[in-house]
Structures are given as structure tokens and as C-alpha cells.
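Structure record follows, encoded as C-alpha cells.
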Amino acid sequence: MNASNLKTLPIELDAQRLPQHVAVIMDGNGRWASKRHMPRIAGHRQGAKILKDLVRCCKDWGIPALTAYAFSTENWRRPSEEVDFLMALFEKMLRHELKELDREGVRLSFIGDLNGLSPTLQQVMADAMEQTRENTAVHFSVAVNYGGRHELVEACRSVAGKVQRGELSLGEISEDDLEQQLYSGGTPCPDLLIRTSGEQRLSNFLLWQLAYAELYFTDAFWPDFDRAAFAEALVEFQARDRRFGGLKDKGIPAPAALLTA
Ligand code: IPE
Ligand code: IPE
Ligand code: MG
């Protein structure tokens, strides 16, 4: 792939068959840094730059939604210096980039148990979501203090509350009722999941939403995941045959329930 000319959609890709929502597990920042004899935080810093460009790339190439896994409910197990650095990085990036992202028409969402974050970070996130809510160029969601199991437990709790209050009967509970209670309620499910760094697992990411996503794993570390690497993932996505349980016939549309959350 010619990396010098990736401002527009690479010729190898069919604009009509791009994923409408890409999810990324940004993994390998620490190993990228270690390989260079640098502290792990240097990898996080470079990883943040790569993410910034990926959002713009989605806009340039016509991919309307991107969700990035930035911090899991399990990542609190890391040394406090690393956790503190990451929290400070989220805040700094947000303060620095918000104006430009807003100007470019990016709608920002944060998904996860945001109550577990510092009040200052919660406030900056809430302001950013409010400021960009009407934007339509790209919907960029960042998963922070996110855990798929926790999200599902919370969704069950909300649905159970409706039943308890008599707003919904037990027999009526549908997939749609549960989906509406997810952090991502109302956003179409990702059709492509990318995980970098050679690991091939979900690590508690979007357990419900990824039910029918195409999974793409690459050995590249996240701080090296540039536009050329993204294009390779998209080429592979377009070569896949998505059947949704049906038979091999690309003319058969996916069941609506699998395309909309
Ligand atoms: C991903 O990179 C970033 C976060 C989890 C915040 P890692 O920090 O997991 O990097 P590795 O996997 O240790 O190399
Ligand atoms: C997953 O990466 C979480 C994020 C990318 C934010 P991890 O590095 O935390 O996942 P494991 O521990 O390898 O499963
Ligand atoms: Mg990792």
C-alpha cells in the first residue's frame, strides 16, 4: 500500500462496502515502548497520536463510526503511576483536541462506568459530549473504565427495574429492550473489530455488540497502526463473506436486529 497518498480512500477499497462502524482494541503500547528501551508511557503517548489520526482517517475515507478501547475495568490492576498517567493523558488530549474535533464535525461519546473516574475527568467528558452531540461527520466513542460484563449487568438491572415498576412484563423482554440499555444504546453495532499486538482475545470489550462483527488481528503494535495498516484491515474485511447464519449470497441483507443496536 502506498503510504504517501492515503488522504483519500485507497484504490484497493470499495467505497460502497466499507464497514459502517469500526471498533479497535488498541493494544501493544507498552511493548512498542519496551522494544525501543523507552518507558511504557511513551507508548501510550504515541498511541494517542495514532488514534487521533485514525479518527480523521475515518472521516477522510467515509467510515461513520469508530469506537476505541482506551481503559478497561481490569486496567486498574496496573501500577498506579501508569493508571495516573493514562487518566492525565485522557484529560490532556480532550482539552487539546476538542475544539478541532468539534470543528471537523466529530461527535464524541464516552462509554463505560464513568462514575468511577475523577470528577474533573467526568466533567470534561460530559462537556465534550454535550458540545459535539449534534455533529455528524464521524461518531467517535472512547471506552474508558469499560467492561462488557459490567455493561450487561447494568443493562439487566435497568430492564429488571422496568419490570418491577410494571412498565414491562417479564415475557415481553426483547433483545431490543436490553440493547437500548447498553452504553452504546442507539448506535449500530460494529461490523469490524481490529485488535493490534498479536493478542487474539476480546478482553471484555463490547461482548454483546460484537456478536456478528468480523474479527481482524494484526501483529503490529498500536503505536505503529497507521493508515496503511488500517487499509490492510479494510481490504481483508471486504474479502470476507458475511452470512449472518444464512447461505452464501451477498444479496441477502443481514437481519435488521443484527445491524442496529
Ligand atoms: C494498550 O497497550 C493500552 C491500554 C491498555 C491502556 P498496553 O498498555 O496494554 O500495552 P502492552 O499490551 O502491555 O504492550
Ligand atoms: C485491553 O488491553 C484493554 C485496552 C486496550 C484498553 P489489555 O492489554 O488490558 O488486555 P489483556 O490484559 O492483554 O487481556
Ligand atoms: Mg496490552
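The values are calculated or read from the model by the stated rules, or taken from the named source; none is laboratory data. Everything quoted here is computed from the prediction, not taken from an experiment. Methodologically, a virtual Cβ is constructed for each residue, glycine included, from the backbone with ideal geometry; neighbour enumeration extends over all protein chains shown. These accessible areas exclude ligands, DNA and RNA; they are computed on the full protein's heavy atoms, side chains included. Shrake-Rupley method; radii C 1.70, N 1.55, O 1.52, S 1.80 Å.
Odds and ends about this structure:
- Here E214 meets each of (1) among the acidic types (D, E); (2) in contact with a helix residue (DSSP H, G or I) (Cβ under 7 Å, 6 or more places away or on another chain); (3) farther than 30 Å from F237 by Cβ with one exception, condition (3).
- Single match in L178, L152 (criterion: farther than 27 Å from L121 by Cα, away from ligand 3 (no atom under 16 Å from the Cβ), among the hydrophobic types (A, V, I, L, M, F, W, C) and surrounded by fewer than 19 Cβ atoms within 10 Å (Cβ to Cβ)): L178
- Matching residues in the range 55-91 - criterion: being in contact with a Phe, Trp or Tyr (Cβ under 9 Å, 6 or more places away or on another chain) and aliphatic (A, V, I, L, M): V55, A65, L66, A68, A70, V83, L86, M87
- Pair list, Cβ under 7 Å, 6 or more apart: the range 167-187 residue in a helix (DSSP H, G or I), other residue open to solvent by less than 50 Å² (accessible area, probe 1.4 Å) and modelled with pLDDT under 95: E179/G185; E179/A261
- Unique match (being crowded, with 19+ Cβ neighbours inside 10 Å and modelled with pLDDT of 95 or more) among W208, W222: W222
- None of A143, A137, A160, A128 is closer than 23 Å to W76 by Cα and open to solvent by less than 60 Å² (accessible area, probe 1.4 Å) except A143.
- Taking the range 1-119 and the helices (runs of 4 or more DSSP H) fully enclosed by it, the elements with 3 or more residues that are of a type in the set (A, V, I, L, M, F, W, C), more than 14 Å from ligand 2 (Cβ to nearest atom) and open to solvent by less than 20 Å² (accessible area, probe 1.4 Å) are at 40-61.
- Residue selection: E74 satisfies the criterion of being among the charged types (D, E, K, R), closer than 18 Å to G147 by Cα and out of contact with any Asp or Glu (no Cβ under 9 Å at 6 or more places or on another chain).
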